1. Given DSSP loops and a limit of at most 10 other Cβ atoms within 10 Å, what is the longest stretch of the chain that contains no such trypsin sites (Lys or Arg not before Pro)?
2. Given the options W294, A47, F155, identify the residue whose Cα lies farthest towards the positive end of the charge dipole of the chain (+1 on Cβ of Lys, Arg; -1 on Cβ of Asp, Glu).
3. For the range 167-185 and the range 26-89, write down the distance between their C-alpha centroids in whole Å.
4. Per residue and in Å³, how big is the convex hull formed by the alpha-carbon atoms of the range 78-154?
5. Once you put a point 7 Å from the Cα of S268 and another 7 Å from the Cα of D61, both along the Cβ direction, what distance in nm separates them?
6. Given the -39500 (n - 2.57) contribution per DSSP H run of 4+ residues, what per-residue ellipticity at 222 nm results for the chain, rounded to the nearest 500 deg cm²/dmol?
7. If one puts a single equal scatterer on every Cα of the range 143-207 and applies the Debye formula without solvent, what log₁₀ I(q)/I(0) results at q = 0.19, 0.22 Å⁻¹?
8. Suppose all protein chains stay in the model; what accessible area per residue would a 1.4 Å probe give for the range 392-481, in Å²?
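The values are calculated or read from the model by the stated rules, or taken from the named source; none is laboratory data. As the structure is a prediction and not an experimental result, all values here were calculated from the model. In this analysis, Cβ positions are derived from the backbone assuming ideal geometry, glycine residues included, and neighbour counts consider all displayed protein chains. Just so you know, the surface numbers come from the protein's heavy atoms only, side chains and all, with ligands and any DNA or RNA stripped out. Shrake-Rupley method; radii C 1.70, N 1.55, O 1.52, S 1.80 Å.
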Amino acid sequence: MRIPEHGASEEAVLKQLEEYRANDVPWRSGRTFGYVYDGGREAEAVAKKAYMSFLSENALDPTVYPSLLRFENEIVGMAARHLNGDADVVGNFTSGGTESIILACKAARDRERARRPDLGTPEIILPVTGHAAFHKAATYLGMKVVPARVDPGTFKADVAAVRSALSPNTVLLVASAPSYAHGVVDPVAEIGQVALEHDRLFHVDGCIGGFLLPYFAKLGDAVPPFDFSVPGVTSISMDLHKYAYAAKGASVILYRDKSLRRHQLFTSAAWTGYTMINTTIQSSKSGGPLAAAWAVLQFLGEDGYLELARQVRDASRRLVEGIDAIDGLYVMGKPEMTLIAVASDELSVFHVIDLMRERQWYIQPQLAFDGLKENFHLLVSPGNTAWVEQFLTDLDECTQQAKTLESGAMARQIEEAFATIDPDSLSKETFDQMLGMAGIGSYDIPEKMADINEILNALPQRLAEKLLGEFVNELFRQPSE
Ligand SMILES: *Cc1c(COP(=O)(O)O)cnc(C)c1O
């Protein structure tokens, strides 16, 4: 592919952009239970205008754009208050939950290295329900994740397991509020006690719930304490591009005080160009996401957020109740927010996902892990709330239909064929063979996902990761001429 020889008109370019959308998930329909956090057309319009108006500003250097520094400090101030932080709490605006988490891990690693010269490979104790971003952080930062089991009935972190995972190399404990997969809040107060007893840092992953849970508490729900009011909590990540309905590229990482945040920052005078002062991973970065997040916070305000929280809370409750009444399905644990995992002992949930997709509903698969069953996942945003009853009716029908479909054969075949394969020597041929078994001949995105999900679910974790890596490595390629 080449850069077009001659420039085109604005109209022609924009028309082409729209054409490219044809096969995208139709999230505006309200039938997508994931990926989007739809705070309504008005909030979206404000975000877009603010984003565009600061699109070209560069947050590379806070000294030349006082506006951006002010947005950031005000957002961090609002976030700190929202999470019961005192005046000592500091933080930064980042591009998303993953960046916030990587920074929290980096700060913990470097602080502990400075404090303990004999530290070995720095370890993060992560309940198995903790977000994959911590694994990514550990991989990037040369750290090690030490997994801790969760309670198989509630899916909450097991405090005894966290305690017994401690080692002289532990630099960070982690809890989720709530976990993405099952939507339950870990016992933050108890883990905070472990952190204090052992003088360790403790990060609360409030990426998805940090913003919303305080509104659930205001609505009268029994939200367990999870923020800076809990002794022992030293940092919290909270995404604004989730339930604060900001444009994507918006999260905050907060620390209990400056001495902890100091290890996050990067400065360099070791080259011939401008001196670098980077608070986050990115260097040159658009002011758009920052301005958009600030604008949406102003536009919706406490009353706006409370009303949206009421809508998603009521819809989530109704979904849990409705799903439990469907013969063949059950909700895993007791979801405390807007994230619902649904499993079955009688049928393949992967078939349910495909059948629902034929009816234009989009729900995410979650694979079995560490003895916890595979399931499908619902993430409820305000855009979904009008669709709940229709969704439940279709889900019931698709579930009954899924009972008649064959499942498990693929998993058995895969287990037999690939159980002994060493992930590190996975050849292109074996990989193609696997795809072939799933009925996928090329590297395009398949329509029906049940077979591929079943394969991934049956494969040993490392082999599944390897397979996904190969797939992605093929998916992103130059278009044929
Ligand atoms: C979304 C999420 C993350 C990662 O955030 P991104 O914004 O996708 O990078 C981390 N933890 C939890 C609990 C999340 O829900």
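1. Details: sites that count: R2, R477.
Here the longest segment lacking exposed loop sites spans 3-476.
2. Selected residue: W294.
3. Their Cα centres are 25 Å away from one another.
4. On the way: hull volume 10.3 nm³, N = 77.
Per residue, the Cα convex hull of the range 78-154 comes to 134 Å³.
5. For S268 paired with D61, the spin-label model returns 1.7 nm.
6. On the way: 16 runs with 201 residues, N = 481.
So the calculated ellipticity at 222 nm is -13000 deg cm²/dmol.
7. Per q value, in the given order, log10 I(q)/I(0) is -0.68, -0.91.
8. Details: 5440 Å² over 90 residues.
For the range 392-481, the per-residue accessible area is 60 Å².
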